[in-house]
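The values are calculated or read from the model by the stated rules, or taken from the named source; none is laboratory data. Bear in mind that the values here come from a model prediction, so they are computed numbers and not experimental data. Cβ sites come from the backbone with ideal geometry, for glycine too, and all protein chains shown count toward neighbours. Only protein heavy atoms, including side chains, enter the accessible area calculation; ligands, DNA and RNA are left aside. Shrake-Rupley method; radii C 1.70, N 1.55, O 1.52, S 1.80 Å.
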Amino acid sequence: MTRAELTRQIKEKATQIGFTKAGVTSAAPFEETANQFEAWVASGAHGVMKWLERDHHKRRDVQNILPEAKSILSLALNYYTANDAKDNRDLKISRYAWGTDYHEIIPPMLRKLLAEIQKLVPNAEGRYYTDTGPLLEKPIAARAGIGWQGKHTNIITREVGSWVFLAEIILNIELEPDAPAEDMCGTCTRCLDACPTDALKPYEIDATRCISHLTIELKPEHKIPNELASKMEGWLYGCDICQDVCPWNRFAEPTHIAEFAPREENLLLTKDAIGQMDQEEFSRRFQKSPVKRTKLAGLKRNVNSDLVSRP
């Protein structure tokens with residue numbers, strides 16, 4: 001089997017398993033993007049995400065993860081689900097957290113795909129990740145042709161916009177690489193202009209000002225600064241503003257993953273309901289949901305800040 005045919009078959013297996021898009025890049029080091037990432041971390045713009053300070057050598061060169069690495073299979077999974085009522089709610093949850101946590105969905109898909117690859121190439125070895133390992137996921141996706149890293153720093157695909165989760169399989173086999181994605185943001189600045197906390201500059205984010213970082217990453221005992229809390233426009237967990245305004249998301253299509261569908265009771269949360277919520281109800285409502293990450297104390301902290309203020 002030729003390298004091109006093997007690559008075609010692996011991509012076909014990926015879409016059969018359910019991934020929206022698959023691309024390939026070599027395992028060559030990511031020198032330029034690694035330098036940029038390390039400078040961003042050194043500036044403190046990563047906020048409290050201390051794990052980003054570790055394992056720079058692995059992010060720079062995936063052969064420090066899998067010494068025999070030759071290729072990286074980059075994967076995207078569409079999670080878009082429509083909900084026309086979301087803008088009428090006082091408290092909002094980011095779209096990625098409306099249903100089941102993607103960490104519950106994607107790893108089994110990756111395991112299955114790696115098993116299928118090993119059927120095609122019995123001596124194939126791989127390491128797979130979805131936002132859980134020391135990888136430069138977005139630069140990998142861009143170099144593998146999945147999409148380009150937009151001015152809001154999210155990966156944008158031409159096919160379905162930016163509502164995608166990313167995953168990777170590092171492989172010890174030679175595959176046919178795809179051409180890197182072309183940046184199609186042009187002169188558009190809608191995402192930059194829409195961010196209420198001024199967290200964005202072109203292709204760069206200051207996580208310490210980002211609503212997602214403030215509502216998810218800050219530990220419950222940490223207070224959200226008043227200057228930022230008053231600009232949060234009702235976001236209780238995460239934020240979608242920069243993606244909601246992106247013109248490329250007019251191409252969004254509903255996901256086929258049923259587990260990503262909204263849990264309606266969690267889209268209709270009120271300040272009073274959260275104030276009265278106990279641990280038992282929190283655990284029931286947010287079982288296998290990304291929202292469990294903020295813990296009940298974090299959710300109460302979020303709603304008791306000024307984030308319910310609306311413009």
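For the structure I just gave you, tell me whether L73 is outside any helix (DSSP H, G or I) and under 14 Å from the mean Cα position of the chain (by Cα).
no
Which one of A115, A124, A144 is under 30 Å from T187 (Cα atoms) and either open to solvent by less than 10 Å² (accessible area, probe 1.4 Å) or of a type in the set (A, V, I, L, M, F, W, C) (or both)? Quick ask: steps written out before the conclusion?
Working: A115 fails: under 30 Å from T187 (Cα atoms); A124 fails: under 30 Å from T187 (Cα atoms).
Selected residue: A144, the only one of A115, A124, A144 that is under 30 Å from T187 (Cα atoms) and either open to solvent by less than 10 Å² (accessible area, probe 1.4 Å) or of a type in the set (A, V, I, L, M, F, W, C) (or both).
For region 219-311, which helices (runs of 4 or more DSSP H) that fit wholly inside it have 3 or more residues that are open to solvent by less than 20 Å² (accessible area, probe 1.4 Å)?
Hits in region 219-311: 295-304.
Condition first: of a type outside the set (F, W, Y), in contact with a Leu (Cβ under 7 Å, 6 or more places away or on another chain), outside any loop (DSSP other than H, G, I, E, B) and over 20 Å from Y80 (Cβ atoms). Now tell me which residues in region 127-177 satisfy that.
Within region 127-177, R127, E168, I169, I170, L171 meet the criteria.
Considering each of V41, V24 in turn, give the residue that is closer than 30 Å to P254 by Cβ and either β-branched (V, I, T) or assigned to a loop (DSSP other than H, G, I, E, B) (or both). Can you show your working first?
Numbers: V41 fails: closer than 30 Å to P254 by Cβ.
On inspection, the qualifying residue turns out to be V24.
Here are the criteria: (1) in a helix (DSSP H, G or I); (2) within 19 Å of L73 (Cβ to Cβ); (3) under 14 Å from the mean Cα position of the chain (by Cα). Tell me which single one Y96 does not satisfy.
Result: Y96 fails condition (2) only.
Restricting attention to region 184-218, and to residues there that are within 19 Å of the chain's Cα centre (by Cα), among the hydroxyl-bearing types (S, T, Y) and open to solvent by less than 80 Å² (accessible area, probe 1.4 Å), which single residue is farthest from E38 (Cα to Cα)?
T215
Filter region 68-98 for residues that are of a type in the set (V, I, T) and crowded, with 20+ Cβ neighbours inside 10 Å; which is modelled with the highest pLDDT?
First, pick out the residues of region 68-98 that are of a type in the set (V, I, T): 72, 81, 93.
Checking which are crowded, with 20+ Cβ neighbours inside 10 Å leaves us with 72, 93.
Numbers: I72: 98, I93: 93.
Looking at the filtered set, the residue picked out is I72.
Taking region 13-55 as the region of interest, how many residues are touching a residue at least 40 places away in the same chain (Cβ under 8 Å), surrounded by 15 or more Cβ atoms within 10 Å (Cβ to Cβ) and either basic (K, R) or over 26 Å from L120 (Cα atoms) (or both)?
Residues that pass the stated criteria total 10.
When you go through (1) closer than 28 Å to Y237 by Cα; (2) of a type outside the set (A, V, I, L, M, F, W, C); (3) without any contact (Cβ under 8 Å) to a residue 40 or more places away in the chain; (4) not in a helix (DSSP H, G or I) one by one for T81, which number turns out not to apply?
(3)
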